[in-house]
Amino acid sequence: MSNQDIIHIIGAGLAGSEAAWQAANAGAEVILHEMRPLTGTEAHQTDGFAELVCSNSFRSDDAENNAVGLLHEEMRRAGSLIMREADANKVPAGGALAVDRDAFSVGVTRAIEDHPNIEIRRELIDGLPPEDWTNVIIATGPLTAAPLAEAILSLTGEASLAFFDAIAPIVYKESIDFDVAWMQSRYDKKGPGGDGADYVNCPMDEGQYTAFLNALIAGEKTDFKEWEKSTPYFEGCLPIEVMAERGPETLRYGPMKPVGLTNPHTGVKAHAIVQLRQDNALGTLYNMVGFQTKLKYGAQAEIFRMIPGLEKAEFARLGGIHRNTFLNSPRLLDGSLKLSARPSLRFAGQITGVEGYLESAAIGLLAGRFAAADSKRIPVSMPPATTAFGALLGHITCDHMTDAGSRTFQPMNVNFGLFPEIETPKTDSEGKRLKGKQKGFARKRALSARALADLEGWLRKTALAAE
């Protein structure tokens, strides 16, 4: 077997694990290189594959009305390992898909270890891969080891773009005071495995909210190293205290919005509400939704115990912060995720400039399929731009011929704004004219229906090409 027939994948996070699974299932021989436990990171706590470090939520599972839910469904139809294990290890989370993070990682690890076409090597790739590795996927994520990151940047001639991600605290459920808190999903919405009462809700009146806000702003924060001081935050994952600094109403219109919830203890509408989401299958751990933070540990425990219902909270994990690095992909990568400066290298996952667990895994899925096609000497087939796969791929690669795309490039979650426009139905099934929000819902449903129809065509085409 030639070196081109072997696919080397560096990194066994969500993207690397999915890439390995897809390539191996396509009949390719895969060697998966993972540096943990030989070398750890600031955020990982285990040596398991696809460890979830920031949250346990894969967000909305509504394939008809939400771009994230659509991406879920596309990945399921494409035989995604990440989605298989997410579905197998889901925990109640209203309309979202959340998982038992430990069981999820164990499931992914076991599947990769048991696959006959995958060899696992626990080792650090110190710098660029050897020249005779001609089919490589680098899926090292936001915490790429410094020697490899520096080698990539030296090869590309680019300055790295980076931002900070912050991690939310996790609370033991038994330490929550349910004489104050209560269980309810917003608008009683039922999601995968849920019953409409999937979140812990902690209410605040106006005085409590104001005091909490002031404490967040005044609390002692993590000091940054000199080289970190110019690093911005990703807008979709701002620390709670950074949001607080943006104005007194920011949190009430963000993670602490009080809408769609009724306090059964008092019947009084809260001024603000803190929600916690189940973090493991046993239901013993709950994640503070939207409470990623850079507060120091002592300040976190003191300030978060100001929240009604959490006065005696015990924390399984306090929040933290880590630096997240990504490539200027529109300038550096071609349409099949290959590095223009060295086409034997493909990139996948968060390092390419997608944001979110599912988005990272989806790019890993595509990279694995593309690499498998190369190993079989068959043309790489791109997903249609009308699909969630194609929309994400387009975001990180389609502007590579223009300066504008690379100058303004920032990490992005999947959203319907990335999809080509579609003619929206003007009337409902009974011929009544659609108005206001109805038109928006109709547009989303139309985009989703088109995406899934086009996805099926792409999957059939790629299956036939592989035969």
Violations at 24 Å Cα threshold for listed pairs K189/K426; K189/K437; K90/K312; K257/K437 -> K189/K426; K90/K312
Amide H neighbours of K221 at under 5 Å, excluding residues fewer than 5 places away on the same chain, with H built from the backbone geometry, are K296
Here the gain from full extension of K269 to R450, 0.36 nm per residue of separation minus their alpha-carbon distance, amounts to 61.0 nm
Descending packing, highest mean Cβ count within 10 Å first, for 271-278, 446-453 is 271-278, 446-453
In degrees, nearest 10, the alpha-carbon axis of helix 101-114 is tilted away from the dominant principal axis of the alpha carbons of the chain by 20 degrees
Unit-weight point scatterers at every alpha-carbon of the chain, Debye formula, q = 0.08, 0.14 1/Å: log10 I(q)/I(0) is -0.48, -1.40
Residues whose built amide H sits under 5 Å from the amide H of Y199, excluding neighbours closer than 5 in sequence, are Q184, S185
Carbon/sulfur accessible area of the chain, % of total, 1.4 Å probe, equals 52 percent
With every protein chain kept in place and a 1.4 Å probe, the chain has an accessible area per residue in Å² of 42 Å²
Residue separation between S429 and E131 times 0.36 nm, minus their alpha-carbon distance, gives in nm 101.3 nm
Contour minus Cα-Cα span, K439 to K376, at 0.36 nm per residue, comes to 18.1 nm
If R0 = 41 Å, then D114 and R246, at their Cβ-Cβ distance, give a FRET efficiency to the nearest 0.05 of 0.30
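The values are calculated or read from the model by the stated rules, or taken from the named source; none is laboratory data. Everything numeric in this text was worked out from a predicted model, so none of it was measured. Please note: Cβ atoms are built from the backbone with ideal geometry, for glycine as well, and neighbour counts cover all protein chains shown. In case anyone asks, the SASA skips ligands and DNA or RNA and just uses the protein heavy atoms, side chains included. Shrake-Rupley method; radii C 1.70, N 1.55, O 1.52, S 1.80 Å.
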